[in-house]
1. Within 19 Å of residue 232 (Cα to Cα) and either at pLDDT 95 or above or crowded, with 17+ Cβ neighbours inside 10 Å (or both), is that true of residue 265?
2. In the list 120, 107, which residue meets the criterion of being surrounded by fewer than 16 Cβ atoms within 10 Å (Cβ to Cβ) and over 19 Å from the mean Cα position of the chain (by Cα)?
3. Out of the residues in region 245-258 that are surrounded by fewer than 19 Cβ atoms within 10 Å (Cβ to Cβ) and without any contact (Cβ under 8 Å) to a residue 40 or more places away in the chain, state the one that is farthest from residue 323 (Cα to Cα).
4. Assigned to a strand (DSSP E or B), more than 37 Å from the chain's Cα centre (by Cα) and closer than 21 Å to residue 210 by Cβ: is that true of residue 278 in this structure?
5. When residues of region 155-197 are filtered for being part of a loop (DSSP other than H, G, I, E, B), surrounded by 14 or more Cβ atoms within 10 Å (Cβ to Cβ) and under 19 Å from the mean Cα position of the chain (by Cα), how many remain?
């Protein structure tokens, strides 16, 4: 009988120890490790503890850190000397703004500026995407309609375009900064002020040669003549060509509504002509509003010729457009 009681007591003691151990495990599992909000797991149905919002001073410190971090990358944009330097500087600033967008997303702002905080992150992200997009300012080199080489845009213009975008008071970022300022939070000191419009590059000097002036001649002289009546409203430069139009036997300048004659032509030839305005004497070309054409027929050296430069449905000669020369 006593042995039975002793056995029962031992069972009770063992059960009690198990209960104590279980309680101990639960209590240890609920300790705050410091990594995130603590859940009251010991109480069924309890809600997570919300993260604590930053104080106004704490949030301002985060904004100040953004300004300090972005100032040097912005200065590199403003002082870029080549298009390659500018692309690298824009990419660096854009990457920083995108990184700060993510960092700000980990913060809990003061409750009175929750929407302004969200708008700031959206504005920073938009500028970051634009700055890091591939070559947002085209700088390709080519030729214009007059065959004149178009150089890469001056670096001053490229920097101006970038600064003008960052200084745009109607951008989402600028509006978010203004909204925060209305609630006594300061940010955006790294952004540049509106730039001054750069002076345009000087235009090449132009002139208007006298009617009938021979502006180019090469090769041997012959006996044939070409009479030209320019009934068009634009001045024209007419070329007698034996080979490539860029190397004519002779080129003559004829005013709108005027006539002129080329003499001393040799061999069979083709007739090319170009019209426009703003004659560049050094380049022997027009500088704006250009068109380039040629007569489809060949002019043989057995006779003199006469041509009229006016579009007509009853003309007896056909012309066609050609590349700039």
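1. Details: within 19 Å of residue 232 (Cα to Cα): no; either at pLDDT 95 or above or crowded, with 17+ Cβ neighbours inside 10 Å (or both): yes.
No.
2. On the way: 120 fails: surrounded by fewer than 16 Cβ atoms within 10 Å (Cβ to Cβ).
Of the residues listed, the single one that is surrounded by fewer than 16 Cβ atoms within 10 Å (Cβ to Cβ) and over 19 Å from the mean Cα position of the chain (by Cα) is 107.
3. 257
4. Details: assigned to a strand (DSSP E or B): yes; more than 37 Å from the chain's Cα centre (by Cα): no; closer than 21 Å to residue 210 by Cβ: yes.
So residue 278 does not fit the description; no.
5. Looking only at region 155-197, we keep the residues that are part of a loop (DSSP other than H, G, I, E, B), and these are 167-171, 182-197.
From what is left, the residues that are surrounded by 14 or more Cβ atoms within 10 Å (Cβ to Cβ) are 167-168, 171, 185, 187-192, 195.
Those left that are additionally under 19 Å from the mean Cα position of the chain (by Cα): 167-168, 171, 191-192, 195.
Adding up the residues that qualify gives 6.
The values are calculated or read from the model by the stated rules, or taken from the named source; none is laboratory data. All values derive from a computational prediction rather than experimental measurement. Using ideal geometry, Cβ is built from the backbone for each residue, glycine included, and neighbour counts are taken over all protein chains shown.
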